[in-house]
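Down below is the structure, laid out as structure tokens.
Nothing in this text is a laboratory measurement; each read-out follows from the coordinates by a stated rule. The structure displayed is predicted, hence computed values, not measured ones. When we count neighbours, we look across all protein chains shown, and the Cβ atoms used for this are built from the backbone with ideal geometry, even at glycine.
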Amino acid sequence: MKKILISGIIAIFSMQLVQAATICDTKLALVEARLNLMMMVMSTEKEDQDSLRVEINKASTGLDKALVAMLKDENKTDDAQLTNLQDTWTAFRNTREADIIPAIYAGNNDKAIAIATGIQAERMKIMDNVIQALNGDNCN
């Protein structure tokens, strides 16, 4: 009986560690995507913009993978929060791809800055709040 209890406790603890790592991966990828986007918005050199675009894509792929893992986790605790995070991320990513990056490449950095510091900043706040609610503030 003691072995079963210990095994169960270890399994639960392991699942929490996996979920926490996924939340931390999500948080890190989101910060990297946002930071590189803001650096891209400020850049006027096409070569730098292209380099930052690569980093944005890497971070976005990492965030997408982490979200999929969290949504598939059978032990997830808050479907509504995860759905909110995914929906907000999708809107954030779509605006970035359809509006901000094309404005940057067209040389209209002022328009890109306005979007990035407007609706995108609001979405970022929502995603940060969800990540915190999912224990993301315990990430180092």
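From the phi angles alone, apply the Karplus equation (6.51, -1.76, 1.60; θ = phi - 60°) to the stretch 116-123 and give each ³J(HN,Hα) in whole Hz, x where the residue is Gly or Pro.
Per-residue couplings from phi come out as 5, 9, x, 4, 5, 5, 5, 5 Hz.
The stretch 25-47 to the stretch 90-140: how many Å between their Cα centroids?
10 Å
Could you work out how far apart the two model spin labels at LEU71 and ASN94 are, taking each label as a point 7 Å from the Cα in the direction of the beta carbon, and quote it in nm?
1.3 nm
Sort the stretch 39-121 into rounded, prolate or oblate with this rule: let a ≥ b ≥ c be the square roots of the eigenvalues of the Cα gyration tensor; rounded if a/c is under 1.5, and if a/c is not under 1.5, prolate when a/b is larger than b/c, oblate otherwise.
In terms of gyration-tensor shape, prolate.
Calculate, in nm to one decimal, what LYS46 and LEU28 gain on full extension: separation in residues at 0.36 nm each, minus their alpha carbon distance.
3.9 nm
Under a point spin-label approximation (7 Å from Cα along Cα-to-Cβ), what is the MET38-ASP78 distance to one decimal in nm?
If labels sit at MET38 and ASP78, their model points lie 2.4 nm apart.
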